[in-house]
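What follows is one structure encoded as structure tokens, with my remarks underneath.
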Amino acid sequence: GRMPPTPLDRPMAIATTLLDQELRRQLAGALRQAPARGELAIHYQPRVHPVDGRRLGAEALLRWRHARYGQVPPNTFIPIAEGSNLILALGGWVLRQAMADAARHPELGRVSINVSVRQVLSGRLPAQVATALAESGLPPERLELELTETLPLGDMAEAAAMLGRLRDCGIGIALDDFGAGYGSFQRLRELPFSTIKLDRSLIARLPEDAKDFAILWAIRDLARSLRLRLVAEGVERPEQLEAAIGLGFDEVQGFLLGRPAPLEALVGPTAPMQPGPAAAHRLLGGGP
Ligand code: C2E
Ligand code: MG
Ligand code: MG
Ligand code: MG
């Protein structure tokens, strides 16, 4: 008998999967060495007041440059790190570095740091944060932790207690990427957030899209009722900033207001002139 015909793409698909796994394994190995080799850096992106353009804080965004792979995007290496305890080491590094930067530069404002679900579930987050607070001397009111909304529901009560302890010290907790996934309302109810960060997919079609506008209007009312700060992410165009002002958002972040950049670009006497909040507001013909 004859073998059934094999689809031509089948061996190729398997080879690609193997290659992906091999590349992933190599990247994980290289990433493990990255902190000791000085390949990690943090870029900061301003979060500004929508109306007057003043900087309220900055989000810390991890960067990895490898000798052979070059600049590896966070959306590639963060999921790899989250696949193992590697994210705990990287997360600890970011907490210490970003909080030390912020402590040295009060003019940076509040620093917000992304934390992975795995860091929260590990139970080590309060100790990591406490250590970094003590080492840096940063006042806890100047720290916010950003948590993406994909937290597994099973561990909600434990996560709520831990995040509650952080909130009690004055640390802000933001629900990141709100509106990008499912089940946001349960998390909003169960966890002690201080801030909602709207996913940029909700901002992308503003102000033309009437449905998105209606949804954002409702989220705005929800945030006010729950006494949560509301931050828009991914503001790229002046019309989107105008819409954010009309909707009464508390903070805006996006390429229009400033791209992620090394600390030196945002602080200190050496800060070079660059398009920032002031420039964005001149675009709208208002502000300082
Ligand atoms: P995120 O927390 O939602 O961070 C915002 C992302 O949106 C950043 O991408 C930022 O560069 C990008 N962004 C900001 N404004 C705009 C805009 O106007 N338009 C567009 N198209 N994009 C904009 P980035 O730096 O590539 O980071 C991607 C994701 O990687 C982050 O999304 C976050 O989930 C994760 N990440 C970054 N650093 C860390 C970290 O230190 N720890 C953890 N756990 N995750 C991190
Ligand atoms: Mg974030
Ligand atoms: Mg995030
Ligand atoms: Mg986000």
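Among the residues of the stretch 211-244, just one is assigned to a strand (DSSP E or B) and among the small types (Gly, Ala, Ser), namely Ala232.
Screening Gly254 on (1) within 16 Å of ligand 4 (Cβ to nearest atom); (2) among the small types (Gly, Ala, Ser); (3) open to solvent by 10 Å² or more (accessible area, probe 1.4 Å) shows it passes everything except condition (3). When Leu143, Leu138, Leu133 are checked against the criterion of being within 18 Å of the chain's Cα centre (by Cα), of a type in the set (A, V, I, L, M, F, W, C) and more than 16 Å from ligand 4 (Cβ to nearest atom), Leu143 stands alone in meeting it. Only a single item in (1) under 22 Å from Lys197 (Cα atoms); (2) away from ligand 1 (no atom under 13 Å from the Cβ) is not met by Asn85, and it is number (1). Is it the case that some residue within the stretch 206-218 is open to solvent by less than 20 Å² (accessible area, probe 1.4 Å) and modelled with pLDDT under 95? Scanning the stretch 206-218 turns up at least one residue that is open to solvent by less than 20 Å² (accessible area, probe 1.4 Å) and modelled with pLDDT under 95.
The values are calculated or read from the model by the stated rules, or taken from the named source; none is laboratory data. Everything numeric here is computed off the predicted structure, so don't read it as measured data. Note that each Cβ is placed from the backbone with ideal geometry, even for glycine, and that neighbours are counted across all protein chains shown. Keep in mind that these areas ignore ligands, DNA and RNA; they rest on the heavy atoms of the full protein, side chains included. Shrake-Rupley method; radii C 1.70, N 1.55, O 1.52, S 1.80 Å.
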